[in-house]
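> Sharing a structure here in structure tokens format.
Computed from the coordinates by the stated procedures, all read-outs in this text should not be read as laboratory data. Treat the numbers as computed from the prediction; the structure is a model and nothing was measured. Glycine gets a Cβ as well: all are built from the backbone with ideal geometry, and neighbour counts include every protein chain shown.
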Amino acid sequence: MLKTFADLSTPLVADACLRTGVPLRAAPAGIRSIGAGQRIAGRALPVRHYGSVDVFLEAYGRAEPGDVLVVDNGGRSDEACVGDLAVLEAGATGLAGLVIWGLHRDTPELVEIGLPVFSYGSYPPGPVRLDEREPDALVSARFGPHLVRAEDVVFGDDDGVLFVPADRAAEVLATAHGIWQVEREQAQRIRAGETLRQQTAFDDYLGRRAADPSYTFRRHLRRIGGAIEE
């Protein structure tokens, strides 16, 4: 999955979701990797955190190589729920990375470990609570407004994180690659002196819109095969 995603980006995947009719599920704005250039792509391994690391260790026992641990810590800003030992164990288990709806700590150690970790940021204190565990602790993870399950695939890069149903992932990636090809060609043509307005027949669009106010730019792009937006 990561190899297929290598030449793509989360913006391209997001556009592909819209084009294919796949529900767009993006992690809340502010979820970022701890190191620039980190990328993840793999099956979601959901887990809900209640104040103790034991639930992570239990989830690792169910993991398959290449999975991405998706941690639901309720988006809390009063504690860090993942540190260096949890990430080291994730790497030893063969996980591709971690995505946390919350905060992490031990940032220098995590950077040295090198396993991709995405979160809202760092915070020194760990949890000082121990909440009652829910029945779905290892079945699903809430991430902002979304519910993530093992039937989902996680994609992450410098722009953020997306969740895509596994049974639609190949279609979405193929569509994203097509959009990437069109956009790269358009970029090359701009560098060669052909403006984006020329490429998109923008004057023609303005004329058509004047005659038909319902004629949108996205409709125009689909008609001519452009890919600036979806």
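> Enter the angle in degrees (range 0 to 90, nearest 10) between the Cα long axis of helix 10-20 and the first principal axis of the Cα atoms of the chain, meaning the one along which they spread out most.
60 degrees
> Using only Cα atoms and rounding to the nearest 10 degrees, what angle (0 to 90) does helix 84-93 make with the longest principal axis of the chain?
Tilt of helix 84-93: around 70 degrees.
> Let me ask you something else. Charges only on Cβ, +1 for Lys and Arg, -1 for Asp and Glu: so what's the dipole of the stretch 2-166 about the Cα centre, in debye to the nearest 20?
380 debye
> Which entry is the computed Kirkwood radius over Cα pairs in Å for this structure: [x] 19.1; [y] 18.6; [z] 17.7?
Computed from the coordinates, Kirkwood radius over Cα pairs in Å corresponds to [x].
> Something else now. With point charges of +1 on the Cβ of Lys and Arg and -1 on the Cβ of Asp and Glu, referenced to the Cα centre of the chain, which listed residue (P127, V87, G30) lies farthest in the positive direction of the dipole?
Farthest towards the positive pole: G30.
> By its C-alpha gyration tensor, with a ≥ b ≥ c as the square roots of the eigenvalues, how is the stretch 172-224 shaped: rounded for a/c under 1.5, else prolate for a/b larger than b/c, else oblate?
It comes out oblate by the Cα gyration axes.
> By count of other Cβ within 10 Å, fewest leading, how are E132, E112, E58 ordered?
Details: E132 6, E112 9, E58 12.
Fewest-to-most Cβ neighbours within 10 Å comes out as E132, E112, E58.
> If you don't mind, there's one more thing I want to ask. Normalise the Debye intensity by I(0) for the stretch 140-230, one equal point scatterer per Cα, no solvent, then take log10 at q = 0.20, 0.24, 0.25 Å⁻¹ and round to two decimals.
-0.97, -1.15, -1.20
> Once Lys and Arg get +1 and Asp and Glu get -1 on their Cβ, which of I190, V55, G160 lies farthest toward the positive end of the dipole of the chain?
Towards the positive end, the residue furthest out is I190.
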